[in-house]
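*Asks:* The structure's right below; bear with me while I get my questions together.
Where a number appears in this text, it was derived from the coordinates with a stated rule and is not lab data. The structure displayed is predicted, hence computed values, not measured ones. Don't worry about glycine lacking a Cβ; one is built from the backbone with ideal geometry, like all the others, and counts go over all protein chains shown.
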Amino acid sequence: MGTLDGKVVLITGTGGGLGRVAALAFAREGARVVGADLQIDANDETVDLVRRAGGEMTGLAPVDLTDPEQVRQLVEDAVAAYGGLDVVYNNAAALRFGPMPGFSVEDWRATIIGELDIPFYVSKFAWPHLVRRGGGVIVNAASMAGMIAGEVPPMVAHAAANAGIIGMTRQLALEGAPDGIRVVAVSPGPILTPASERDLGDNQAARDAITGKTMVRRFARPEEVAELVVFLASDRAAYITGANYPVDGGATAW
Ligand SMILES: NC(=O)c1ccc[n+]([C@@H]2O[C@H](COP(=O)([O-])OP(=O)(O)OC[C@H]3O[C@@H](n4cnc5c(N)ncnc54)[C@H](O)[C@@H]3O)[C@@H](O)[C@H]2O)c1
């Protein structure tokens with residue numbers, strides 16, 4: 001028996017590093033997963049991996065989550081796929097890095113939309129369905145960048161957006177509690193995914209600068225984040241809401 005047997009879970013960004021691993025972890029625990037992404041091929045690959053592992057998943061792509069109308073439709077399609085909705089994992093994000101004062105207004109807006117608007121839109125349109133179900137859970141992917149400043153790379157919009165996600169999480173938890181909706185945030189430190197592995201390449205100086213802030217001096221594996229997300233989404237975490245959980249190898253503790 002899985003900890004999420006019978007639950008319907010919408011995960012955004014299932015074509016990406018963490019979203020794919022989360023889809024596998026949720027499905028392993030018995031959830032029926034609906035996964036959305038902008039990228040068709042990468043999302044299809046995740047669906048294939050989940051099904052080959054014996055899990056249940058429906059893929060919806062391409063969906064541009066920065067467009068509220070597409071998000072509204074996505075949520076309707078997700079609800080139709082398995083007849084309801086219990087959990088939302090707001091994982092998808094698109095962001096840009098760069099130093100001040102050259103960081104452009106366009107880069108700022110793209111990051112705020114890509115990191116803060118997306119989870120708001122998905123939460124907004126999923127909300128009535130969670131209420132209809134008698135309650136549910138929203139897990140928001142934030143970042144340690146929402147809690148402390150970061151030197152490498154420079155990240156003014158990323159820091160602002162993730163502090164915003166943590167604040168939004170608290171507020172949604174307060175407003176959702178009367179309807180049985182729990183809302184929590186998970187704030188990872190640096191995670192090694194296929195994308196970050198490719199971006200960092202053989203730049204050992206950048207790798208050392210990033211992991212040097214962690215106490216454990218290494219990147220996280222996506223599984224080390226996904227397992228907490230799965231727990232928070234389950235009924236075992238019934239007393240947890242409004243909280244933000246760092247999974248950062250100790251980076252925010254010193
Ligand atoms: N990787 C890290 O080191 C790290 C650290 C802290 C927090 N996080 C957070 O974890 C989450 C997942 O990160 P990741 O490393 O797996 O990222 P990723 O870039 O590998 O995956 C993100 C996915 O979201 C999708 N996406 C982006 N914009 C979209 C849009 N407009 N519409 C639909 N899909 C869209 C992308 O196509 C991609 O598949 C993000 O919220 C990120 O901020 C990651």
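*Asks:* Show me, for segment 47-52, the HN-Hα J-couplings you get by feeding each phi into the Karplus relation (A = 6.51, B = -1.76, C = 1.60, θ = phi - 60°), rounded to Hz, glycine and proline as x.
*Replies:* 4, 4, 4, 5, 5, 5
*Asks:* May I pose another question? Could the peptides 207-218, 129-140 be put in order, highest first, of the mean number of other beta-carbon atoms found within 10 Å of their residues?
*Replies:* Final packing ranking: 129-140, 207-218.
*Asks:* By how many degrees, between 0 and 90 and to the nearest 10, does the Cα long axis of helix 118-132 differ from the longest principal axis of the chain?
*Replies:* Once rounded, one gets 20 degrees.
*Asks:* Turning to a different aspect of this structure: Under a 10 Å cutoff between Cα atoms, tell me which one of ALA205, ALA243, ALA36 has the largest fluctuation in the Gaussian network model of the chain.
*Replies:* Its mean-square fluctuation being the largest, the pick is ALA205.
*Asks:* Next question, about the same structure. For the chain, find the longest principal axis of its Cα atoms and tell me its angle to the long axis of helix 17-28, 0 to 90°, nearest 10.
*Replies:* 30
*Asks:* Please determine, in degrees from 0 to 90 and to the nearest 10, the orientation of helix 222-233 with respect to the longest principal axis defined by the Cα atoms of the chain, where the helix direction is its Cα long axis.
*Replies:* Taking the Cα atoms of the chain, the angle to 222-233 is about 40 degrees.
*Asks:* Which net charge results when you count Lys and Arg as +1 and Asp and Glu as -1 among the other residues whose beta-carbon is under 11 Å from that of GLY84?
*Replies:* Residues near GLY84 contribute +3 overall.
*Asks:* Hey, another quick one. Taking the Cβ of each residue in THR12, THR66, THR193 as the centre, tally the other Cβ atoms inside 10 Å and list the residues starting with the fewest.
*Replies:* Neighbour counts put them in this order, fewest first: THR66, THR193, THR12.
*Asks:* So between GLU76 and ILE240, what do we pick up on full extension, going 0.36 nm a residue minus the alpha carbon distance?
*Replies:* So the chain would gain 56.3 nm between GLU76 and ILE240.
*Asks:* Let me ask something additional. Taking only Cα atoms and a 10 Å spring cutoff, compute GNM fluctuations for the chain and point out the largest among TYR239, TYR121, TYR89.
*Replies:* Among TYR239, TYR121, TYR89, the largest mean-square fluctuation in the Gaussian network model of the chain belongs to TYR239.
*Asks:* Summing +1 for each Lys or Arg and -1 for each Asp or Glu, what net charge is found among the other residues whose Cβ lies under 11 Å from the Cβ of SER143?
*Replies:* -2
*Asks:* Now, a different point. If you add up the charges near GLY164, with Lys and Arg at +1 and Asp and Glu at -1, over every other residue whose beta carbon is less than 14 angstrom from its beta carbon, what do you get?
*Replies:* Surrounding charge for GLY164 is 0.
*Asks:* Which of PRO101, PRO188, PRO153 ends up with the largest GNM mean-square fluctuation for the chain, with Cα atoms connected below 10 Å?
*Replies:* Of PRO101, PRO188, PRO153, the Gaussian network model singles out PRO101 as fluctuating most.
*Asks:* Would you mind computing, in nm to one decimal, how far apart the modelled labels at GLU197 and GLU175 are, each placed 7 Å from Cα along Cα→Cβ?
*Replies:* Calculated label separation equals 4.0 nm.
*Asks:* Quick check for me: using +1 on Lys/Arg Cβ and -1 on Asp/Glu Cβ, what's the dipole size of the chain about its Cα centre, in debye to the nearest 20?
*Replies:* 620
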